Amino acid sequence: MRILSSREKRVLKIRKKIKELNFIRLTVYKTSKHIYVQAFSSDGQEVIESASSLEKSIKDNLYVGIKKIDIARMVGDLFSKRILLKGIKKMAFDRSGFKFHGRIKAVADAVKSNGINC
């Protein structure tokens, strides 16, 4: 039997609750350099929309000295504008087991500030 890390335990707990709610899932994943945001359908079978720091409009800012937290805000703004065009206003926020601070919080705040309830 494999021992789960604390992050893996949080992932299981969060995803179980979101599955019960049956909402569209906004998932955030981060690495040491980049941040990725995706919206999954309520059954998890389809990616509705996505945005990341690897996109051309945002990637150019990575090398001019802008902080990673500001890049995360830009990704959140870009994502929320795209998802609003699809008519989605309510989502469940899946932080992929990461603690809710720093870049994860910046993405959530950017999405909420554009009128999406998550």
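Could you pull out every residue, at least 5 positions away or on a different chain, whose amide H is within less than 5 Å of the one on ILE48? Hs are placed 1.01 Å off N in the peptide plane, and Pro or chain starts have none.
Close amide H contacts, sequence-distant or interchain: ALA39, PHE40, SER41.
With the Cα gyration tensor of the chain giving a ≥ b ≥ c as the square roots of its eigenvalues, does the rule (a/c under 1.5 for rounded; else a/b larger than b/c for prolate; else oblate) give rounded, prolate or oblate?
Oblate shape, in that a/c is at least 1.5 and b/c is the bigger or equal ratio.
Which residue, ILE58, ILE66, ILE18, has the most motion in a Gaussian network model of the chain that connects Cα atoms within less than 10 Å?
ILE66
Relative contact order of region 18-118: what whole-number percent is it, with Cα pairs under 8 angstrom and at least 6 residues apart?
29
Can you give me the accessible area per residue for the chain, using a 1.4 Å probe, in Å²?
Solvent-accessible surface per residue comes out at 62 Å².
Given labels modelled 7 Å from the Cα in the Cβ direction, how far is it in nm from ASP109 to TYR63?
Each label point is offset 7 Å from its Cα along the Cβ direction, giving 2.9 nm.
Which shape class, rounded, prolate or oblate, goes with region 1-55 when its Cα gyration tensor gives a ≥ b ≥ c as root eigenvalues, a/c under 1.5 marks rounded, and past that a/b bigger than b/c marks prolate?
oblate
Got a sec to turn the phi values of region 18-35 into Karplus ³J(HN,Hα) couplings, 6.51 cos²θ - 1.76 cosθ + 1.60 with θ = phi - 60°, whole Hz, x for Gly and Pro?
Each residue's phi maps through the Karplus curve to give 5, 5, 5, 6, 6, 9, 5, 9, 9, 10, 10, 10, 10, 10, 5, 10, 10, 9 Hz.
How much of the accessible area of the chain, in percent, comes from carbon and sulfur atoms when a 1.4 Å probe is used?
Reported share for carbon and sulfur atoms: 53 percent.
The values are calculated or read from the model by the stated rules, or taken from the named source; none is laboratory data. All of these numbers come straight from a predicted model, not from anything done at the bench. Reconstructed Cβ throughout: ideal geometry from the backbone, glycine too, with neighbour counts over all protein chains shown. Heavy atoms of the whole protein, side chains included, go into the accessibility calculation; ligands, DNA and RNA do not. Shrake-Rupley method; radii C 1.70, N 1.55, O 1.52, S 1.80 Å.
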